[in-house]
Amino acid sequence: MYIDLPFLLIYVSLSGLLLVHDLRTGLLPDKFTCPLLWGGLIYHQCCRPAQLSDALWGAVAGYWVFALFYWGYRLICRQEGLGFGDVKFLAALGAWMGWKMLVPIALIASVVGLVFALAMRGWAKRDVPLPFGPYLCAAGFIALLWGEPVRALLFPL
């Protein structure tokens, strides 16, 4: 248990920095997303070696699947719907939580973001971009604390 603590502090610190930075600037910089991704992989190597392959596949799937969403939306709509920092953040979350948690994380973040966007509809201008990083951060913390019960609730099969 004690060996997990430094890694969890890294996870919480970098996720918190990403949340604040995205709210302030609308960007999720590599100087936070890349160490978060590598921290997740190193954590699994040191503390959970049996789950390292899940973490590797989580990072790969988090990056490539959401990069396809990024490029698909950009090609069809001729604008960004998801920033590439969000793609890297999802890859990092996949490295920490494993590939099985990527869909629940993306679903939770999307639903919370949609509810917030609809609630803000009367106050915010339509052309103001909504940062997705805070919702990814919240979904990541939910996955960290209650990952398996949440996954079982959302996908009972």
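Read the figures in this text as sums done on the coordinates, not as results from a lab. Since we're looking at a predicted model, the values are computed, not measured. Cβ coordinates were reconstructed from backbone atoms using ideal geometry, including for glycine residues, and neighbour counts include every protein chain displayed.
Descending by average beta-carbon neighbour count within 10 Å, the peptides 103-111, 4-12, 134-142 line up as 134-142, 103-111, 4-12, the highest first. The share of C-alpha pairs in region 105-157 whose separation exceeds 16 Å stands at 47 percent. Relative to the Cα centre, the charge distribution of the chain, modelled as +1 at Lys and Arg Cβ and -1 at Asp and Glu Cβ, gives a dipole magnitude of about 360 debye. Pick out, from Leu102, Ile142, Leu130, the residue whose Cα sits farthest towards the positive end of the charge dipole of the chain, with +1 on the Cβ of Lys and Arg and -1 on the Cβ of Asp and Glu. Farthest along the dipole direction, towards plus: Leu130. Calculated translational diffusion coefficient of the chain (10 °C, 1.306 mPa s; Stokes-Einstein with Kirkwood radius over alpha-carbon pairs) equals 100 µm²/s.
Adding -39500 (n - 2.57) for every DSSP H run of four residues or longer, then dividing by how many residues the chain holds, sets the calculated 222 nm ellipticity at -26500 deg cm²/dmol.
Each residue, Val128 and Val103, gets one label point 7 Å from its Cα in the Cβ direction; the gap between the two is 3.5 nm.
Considering only Leu118, Leu82, Leu144, the mean-square fluctuation computed in a Gaussian network model of the chain, springs between alpha carbons under 10 angstrom, is largest for Leu118. Here r is the Cβ-Cβ distance between Thr25 and Ala152 and R0 is 30 Å; the resulting FRET efficiency, rounded to 0.05, is 0.25. Ordering Val87, Leu41, Pro6 by Cα displacement along the dipole of region 3-154 toward the positive end leaves Val87 in first place; charges were set at the Cβ atoms of Lys, Arg (+1) and Asp, Glu (-1). Name the most mobile residue of Gly98, Gly81, Gly122, meaning the one with the largest mean-square fluctuation, in a Gaussian network model of the chain with Cα contacts below 10 Å. In the Gaussian network model the winner is Gly122.
Where in the chain is the longest stretch that carries no trypsin sites (Lys or Arg not before Pro) classed as loop by DSSP and with at most 12 other Cβ atoms within 10 Å? So the longest stretch without any such site is 1-77. Net length available on complete extension from Val111 to Glu80 is 9.3 nm, with 0.36 nm assigned per residue and the Cα-Cα distance removed. Ordering Val65, Ala152, Phe32 by Cα displacement along the dipole of region 3-154 toward the positive end leaves Val65 in first place; charges were set at the Cβ atoms of Lys, Arg (+1) and Asp, Glu (-1). Fully extending the segment from Trp71 to Leu8, taken as 0.36 nm per residue of separation minus the present Cα-Cα distance, adds 19.5 nm.
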